[in-house]
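Remarks on the structure that follows.
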Amino acid sequence: MFVGGVTMRYLKARLLAIVLILISAVLISVNWYQLLNEGRYSMKLAAFGPLVGVGGLFLLLFPAKGGKPGTTREKVIALVVFGIGLVAGLINWYLMDPAFFGR
């Protein structure tokens, strides 16, 4: 089905991706707000908020890859995306609290 030249095939996946990215942005913003104004933050949000955003970005770029991975290649791709998300979360956490990491 085509609407205005844009395929509707992966519309639900892309809408979910946009929602995930927005949720991630809100969670990260709230966590930074709490840190800067109240002096406290959530370690879980610091680590896993960016993970949600990276997953949403991946789903936005590759909507056909959404769902349960079936092949070994798809499983490796899912683990790589998960790893990138965790690294992004650790960077965010480090920026929020370098003292926790010994700095």
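The values are calculated or read from the model by the stated rules, or taken from the named source; none is laboratory data. These numbers were taken from a predicted model, which means no experiment stands behind them. Positions of Cβ are backbone-derived with ideal geometry, glycine not excepted, and every protein chain shown enters the neighbour counts. Accessible surface is based on the protein model in full, side chains and every heavy atom, while ligands, DNA and RNA are left aside. Shrake-Rupley method; radii C 1.70, N 1.55, O 1.52, S 1.80 Å.
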| field | Restricting the stretch 52-75 to residues that are assigned to a helix (DSSP H, G or I) and open to solvent by 80 Å² or more (accessible area, probe 1.4 Å), the residue that is farthest from Arg9 (Cα to Cα) | value | Thr72
| query | Going through the stretch 1-23 one residue at a time, which ones are part of a loop (DSSP other than H, G, I, E, B) and at pLDDT 65 or above? | reply | Met8, Arg9, Tyr10
| remark: Residue pairs within 7 Å by beta carbon, gap of at least six or interchain, first lying in the stretch 19-47 and farther than 19 Å from Leu57 by Cβ, second among the polar types (S, T, N, Q), listed first then second, are Arg40/Gln34; Tyr41/Asn31; Tyr41/Gln34; Ser42/Asn31
| task | May I ask you to verify whether Ala47 is part of a helix (DSSP H, G or I), modelled with pLDDT under 95 and within 22 Å of Pro98 (Cα to Cα)? | result | yes
| In this structure, does Ala46 turn out to be touching an Asp or Glu at 6+ places or on another chain (Cβ under 8 Å) and among the hydrophobic types (A, V, I, L, M, F, W, C)? | yes
